[in-house]
Every structure is written in structure tokens, then in C-alpha cells.
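Before any comments, here is the structure.
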Amino acid sequence: MATRRELPADVAAAFDRAPEARDRFAAVPADQQAAWLDWIDRARGRRARAGRIDELIRRLLPAAVAEEEVAEPAGPPPERYWWLWLVLLLLLVVGGLLAWYFLSRGSDKAVVPNVIGLREQQAAIKIHDQGLDVLARTTASKRPPNVVFAEKPGPGTQLGKGQTVTIFVSSGRLAVPNLVGLQEPQAVQKLQTLGFKVEVKRVASTRPKGIVIDQEPVAGVTAVSGTTVTISVSSGVKPVVVPRVVGQTQGDAVQALTKVGLKPVLQNVPSDKPAGTVVGQKPPAGKEVDKGSKVTVNVSTGTGPATTTTTTTATTTTSATTTVGTTTTAAAPVSVPRVAGLAQTPALRRLNTLGLRPTVVYVRSSQPANRVVSQSPAQGTTLRRGSRVRVNVSTGPNPQPNASVPNVVGQDQAAAVQSLRDDGFKVAVLNRPTTDESKGGLVVEEQPHAGSSIPGGSRVTIFVGRFSG
């Protein structure tokens with residue numbers, strides 16, 4: 001059985017003003033009294049509590065009892081949680097407004113379509129149909145030319161109409177990777193993976209067998225998929241240096257060549273030199289070749305023009321290859337080609353082929369490293385063969401610390417390449433015809449010149465003399 005609670009002071013004071021109500025309350029069961037008192041205690045604020053006490057007195061007075069026709073006062077009235085319903089209604093209104101807002105905005109959205117594999121024009125149409133703008137960027141890729149190989153943002157992304165989708169379109173050209181120093185299988189796999197064809201050339205070298213020691217085109221050159229890249233692979237056999245036999249008798253020349261393991265191929269040519277005298281050889285003296293290689297030896301027949309065979313041969317060859325050294329040919333003027341915008345090696349090759357002498361200067365630039373940013377004189381200027389053309393080459397936006405270019409002029413090609421690579425430079429090799437047999441197979445010039453301070457890892461081009469005997 002519930003115990004009767006002590007009346008709060010304000011309730012007791014109200015009963016003192018209405019004794020009849022107090023007597024009726026005393027007659028009410030203890031649990032009903034507790035219910036009334038709890039109901040009064042749950043009132044919020046002093047005024048609300050006073051109102052509930054008045055309601056208790058009203059219901060306990062005889063008049064109220066007569067009106068309600070009950071034998072004893074009823075319990076406290078139920079709580080009114082109207083404010084809860086008001087909050088619920090407010091939440092429903094807010095939720096409806098949010099739903100309307102997001103649904104109404106749906107018409108301003110577009111989904112990025114998948115355009116990978118499409119041609120640029122088709123991809124642009126498909127994206128425009130979604131109400132989006134297109135920005136096309138052409139770059140190297142294994143995909144065929146003009147085909148989209150990537151897009152940003154990716155397919156399925158939701159964007160606001162009018163926003164831009166960047167598509168990456170294949171130029172069909174790839175950068176030839178650096179293969180020097182790799183094992184032959186690695187180099188072949190790397191090229192085939194990129195879509196290049198491979199031609200392997202075995203060469204004598206002091207490097208271990210199977211190591212790639214040279215490549216053509218050089219690393220960094222861009223080429224279309226399917227281009228053949230020739231890699232020179234070390235045979236592991238130490239190369240033989242071709243001896244100088246010009247001026248010797250036929251017998252001495254044959255003996256000198258066979259002694260080092262080379263095969264002489266004799267060829268009689270008209271010359272005013274004594275019959276049986278060697279007047280030319282190919283490959284030239286100093287060139288490194290495989291043991292067992294053939295060396296063509298031009299032997300004088302003793303019957304020839306007043307001009308020596310050597311001079312005549314050099315002059316004829318010079319006319320065909322635009323070699324500086326023949327008075328008539330060297331004087332012929334040439335028009336300077338445009339090389340700005342090309343990679344360094346193709347630019348220098350173009351100038352060298354015309355008989356011009358490039359001077360390389362590395363300059364700071366935001367353009368990609370190894371790119372020619374300017375030239376002097378300008379395209380179309382007429383110069384004599386052998387004239388200098390300044391080529392300004394970009395160091396790239398983030399060049400390595402500078403290093404000094406070593407002097408390799410006068411060294412043979414293999415030694416010069418190794419020396420430059422040991423100092424951290426990349427190397428490009430260009431041939432330069434010469435009528436001086438002593439310079440055959442040797443470096444006759446390097447660019448940038450020895451002592452230049454250029455970023456580490458930059459390319460140094462060496463010009464190797466090729467004797468035309």
C-alpha cells in the first residue's frame with residue numbers, strides 16, 4: 001500500500017484556504033494523492049504550478065463534485081503534450097522543403113558520360129549533349145591518334161551543367177625510353193610493351209655481354225607506335241681497334257690487319273701513288289669493331305691523275321656529304337633551318353647535316369627540359385657552311401644542380417660516352433665527315449663545350465669524325 005506523502009507548503013496553504021477540499025483530499029487513497037502531487041510537481045514555472053493547485057482545489061470542492069456527479073474526486077487531468085505535435089509538424093514541413101529543394105535542383109545536374117575509346121569529335125558531341133563543356137588536351141599515348149584515352153572527372157561523376165570535362169586525346173606518338181644499361185630482354189620487352197618494333201645489333205664492347213650500350217633513336221625522342229628502335233647490345237667480346245694502314249704496302253697492310261684478327265678486303269683503285277701502296281681504308285684507323293670484321297683496303301694501281309687518290313676521294317665524298325674542308329663546297333651558302341621547338345638532338349642533327357656548327361647554351365625555362373626555346377641567327381638566314389648557330393636549350397622548370405662538362409675531344413667514341421655518363425650526363429652521338437684520317441672515330445667537338453656548367457643529367461652531344469677514305 002502506498003504511503004501518504006507530506007503536502008508541499010504551497011499545496012498545504014491552498015488547503016488552509018479551502019478546508020472542505022483538504023478534507024476530501026484526505027479521504028482520497030494514497031496512490032491517488034501521490035498522482036495529484038506528481039502532476040503538480042511536473043508543472044513548468046511558478047504560474048503553471050499555481051494553476052494546477054487551483055485546479056486540484058476546484059475539483060475537490062463540493063460544487064465541483066456535484067457538477068461532475070462523482071462520489072470522489074477524479075485523478076489529475078492528463079498531460080497535454082501539444083508542443084510535441086508542434087515540433088513534429090515543424091520537422092515534417094522542413095523535410096518537405098528540403099526534398100523540394102533537392103528535387104528541383106536535379107534538373108541542373110549532368111552525369112559525365114564515358115567517352116574513352118571514342119574519337120575526339122564524337123566524344124565532344126556526347127559530352128555537349130549532357131550540357132557540359134569540353135577541354136581537349138593532346139598528349140602521347142599508346143592509343144591510335146585522335147582517340148580519347150582518359151577523361152577527368154571520370155565517367156559517372158555528377159556535375160553542374162556548364163562545367164568542364166577534360167578529355168585526353170592521343171597524339172599517337174610516344175617518347176622512346178632510355179634503354180642504355182638494361183639487359184637485352186628487358187629492353188626488348190619495354191619497347192614492345194610501348195608498341196615499338198625492335199632491331200638488335202651485336203657490337204663489340206668492354207661492357208658485359210647482353211647489356212644495351214647504345215640506341216637509335218635516343219631516349220626522349222617521340223615517335224609513332226610501330227617505329228623501329230635499334231639497340232646496340234654488347235657481344236661481350238673486347239673490340240678490336242682498326243690499325244692505320246694507309247701509306248703501307250699491300251703486304252704490310254694485310255699482315256697488320258690479320259695480326260689483330262681483322263679480315264682485309266683488297267680493292268684496286270687508280271692513283272698516282274706507287275703501285276701496291278694503300279691509299280685508303282674503311283673503317284678508318286682508330287675505330288672499334290668486332291674481331292673478325294672486314295676492313296676494305298684501297299690499293300693503288302700506280303695509274304691515276306696528277307691529283308692524289310686520297311685528295312680526290314676526300315673531295316668527291318665531301319661533295320656528297322657536305323663535309324667542310326673542300327674549298328668549293330665549303331663556300332656554298334645554306335639557309336638556316338628552324339630548330340626552335342624541337343628536341344635538342346633532332347635540332348643539332350638538322351644543323352650538322354647542313355654543315356652548320358651548333359653552339360648549345362642551356363637556359364632556364366618553364367618549357368620541358370631538352371627543348372630548343374630559341375635560336376640565333378633566325379630561320380632563313382643565309383650562312384656559309386661551317387658557320388655557328390646558337391641554340392638555347394631549356395633546362396626545364398626543375399633542373400638538377402649544375403655540373404661541369406668534362407673535356408672528351410680527341411677521345412674515341414666509347415671512351416667519351418663512358419666519361420660523360422660517369423659524370424652524370426646523357427649523351428647523343430652525331431657523325432661529322434672529315435678528310436683528316438687521324439680524326440676518324442675520334443670526338444672532334446662536344447656541345448655544350450668542355451667546362452660548361454649545366455644541370456646534371458642534361459644531354460651532351462659529341463661529334464665523332466668519320467673519315468671518307
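Can you confirm whether VAL372 is within 25 Å of the chain's Cα centre (by Cα), crowded, with 16+ Cβ neighbours inside 10 Å and among the aliphatic types (A, V, I, L, M)? Criteria met by VAL372.
Restricting ARG202, ARG244 to those that are in contact (Cβ under 8 Å) with a residue 60 or more places away in the chain, in a strand (DSSP E or B) and open to solvent by 30 Å² or more (accessible area, probe 1.4 Å) reduces the list to ARG202.
Counting the residues of segment 134-152 that are touching a Leu at 6+ places or on another chain (Cβ under 7 Å) and open to solvent by 40 Å² or more (accessible area, probe 1.4 Å) gives 2.
The set of residues in segment 399-408 that are closer than 27 Å to ALA204 by Cβ and surrounded by 15 or more Cβ atoms within 10 Å (Cβ to Cβ) comprises PRO406, VAL408.
The set of residues in segment 404-420 being touching a residue at least 40 places away in the same chain (Cβ under 8 Å) and not in a loop (DSSP other than H, G, I, E, B) consists of SER404, ASP412, GLN413, ALA414, ALA416, VAL417, LEU420.
Among the residues of this structure, VAL361 does not count as one that is open to solvent by less than 30 Å² (accessible area, probe 1.4 Å) and outside any helix (DSSP H, G or I).
Residues of segment 270-315 being of a type in the set (S, T, N, Q), modelled with pLDDT of 80 or more, open to solvent by 40 Å² or more (accessible area, probe 1.4 Å) and part of a loop (DSSP other than H, G, I, E, B), which ones? Correct list: THR301 only. Being among the hydrophobic types (A, V, I, L, M, F, W, C), at pLDDT 90 or above and part of a helix (DSSP H, G or I) is a description that does not apply to LEU383. Among the residues of segment 222-241, those identified as under 33 Å from the mean Cα position of the chain (by Cα) and either surrounded by 19 or more Cβ atoms within 10 Å (Cβ to Cβ) or not in a loop (DSSP other than H, G, I, E, B) (or both) are THR222, ALA223, VAL224, THR228, VAL229, THR230, ILE231, SER232, VAL233, SER234.
Condition check ((1) hydroxyl-bearing (Ser, Thr, Tyr); (2) touching a helix residue (DSSP H, G or I) at 6+ places or on another chain (Cβ under 6 Å); (3) touching a residue at least 12 places away in the same chain (Cβ under 8 Å)) across all residues:
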{"position": "LYS126", "(1), (2), (3)": "no, no, yes"}
{"position": "GLY131", "(1), (2), (3)": "no, no, yes"}
{"position": "VAL134", "(1), (2), (3)": "no, yes, yes"}
{"position": "ARG137", "(1), (2), (3)": "no, no, yes"}
{"position": "THR157", "(1), (2), (3)": "yes, no, yes"}
{"position": "PHE168", "(1), (2), (3)": "no, no, yes"}
{"position": "VAL176", "(1), (2), (3)": "no, no, yes"}
{"position": "LYS190", "(1), (2), (3)": "no, no, yes"}
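The values are calculated or read from the model by the stated rules, or taken from the named source; none is laboratory data. Just so you know, these numbers come straight off a predicted model, no measurement behind them. When we count neighbours, we look across all protein chains shown, and the Cβ atoms used for this are built from the backbone with ideal geometry, even at glycine. Surface areas here come from the heavy atoms of the whole protein model, side chains and all, with no ligands, DNA or RNA. Shrake-Rupley method; radii C 1.70, N 1.55, O 1.52, S 1.80 Å.
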